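K.L.:
Got a structure for you, questions after.
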Amino acid sequence: MGEQNNAIVGHVYKWTSFLSFGFFLYSVQKRKTTKIFFVYLFSICSVIGILSQSRLNNYFLQNDPWLAFSLMSAIIIASMVYYTKLLKDTEGYPYITTGIFLVSGSFLISSAVNGTYVGVDLDVWYFRESINRIVLIIMYVMFLLGAYLFFKKEDSFKLQRIQR
């Protein structure tokens, strides 16, 4: 079509991020019910992603913000579920999960707004921006909660050493 873009790289990045983050979050689960929930979540979001891609005429040459929305939303939900489980347990990967959430959330925000500024009603734009702000607020709360729990644990270790 005479244009050069990086849509192919974007598609590969979205799908490989979804598959690798999803596999990690699925594999660290211990409860069978959580694993079943993740299978349904990832399956539904994969179908939505495939359907959004099937409506494109030139798949490799067009960016699709709906693909990032469907795939990264599943990763964000799965990382939040795992992160809340980590608040109760002492074993796990809280920093990796926080990183996955931050990367997925910021990628979702930046990729979902690609090409949506022109000819969009202001109400739709405000709605999209409010969704972006909710994701950012959740990211910051998760990070601050993780930092609080880490330093709270560090203080208890210091108190135990002082008492001995």
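K.L.:
With the cut-off at 29 Å, tell me which of the pairs Lys14/Lys88; Lys35/Lys88; Lys14/Lys85 have Cα atoms farther apart than that.
P.N.:
Going by Cα-Cα distance, Lys14/Lys88 fall outside the 29 Å limit.
K.L.:
Separation between the Ser27 and Leu51 pseudo-spin-labels, each 7 Å from Cα along Cα→Cβ, expressed in nm?
P.N.:
Between Ser27 and Leu51, the label points sit 3.0 nm apart.
K.L.:
On full extension of the chain, what length is gained from Tyr40 through Trp66, given 0.36 nm per residue of separation minus the C-alpha to C-alpha distance?
P.N.:
Gain in length upon complete extension: 7.4 nm.
K.L.:
Right, something else. For a protection proxy built on the mean count of beta-carbon atoms within 10 angstrom, sort 73-80, 135-142 highest first, please.
P.N.:
Listed from highest to lowest mean packing, they are 73-80, 135-142.
K.L.:
Under the classification rounded if a/c is under 1.5, otherwise prolate if a/b is larger than b/c and oblate if not, where does segment 11-51 fall, given a ≥ b ≥ c as square roots of the Cα gyration tensor eigenvalues?
P.N.:
It comes out oblate by the Cα gyration axes.
Only the coordinates and a few stated rules stand behind these numbers; no lab work does. Being a predicted model, the structure only gives us computed values, none of them experimental. With ideal geometry, Cβ positions are generated from the backbone for all residues, glycine too; neighbour counts draw on all protein chains shown.
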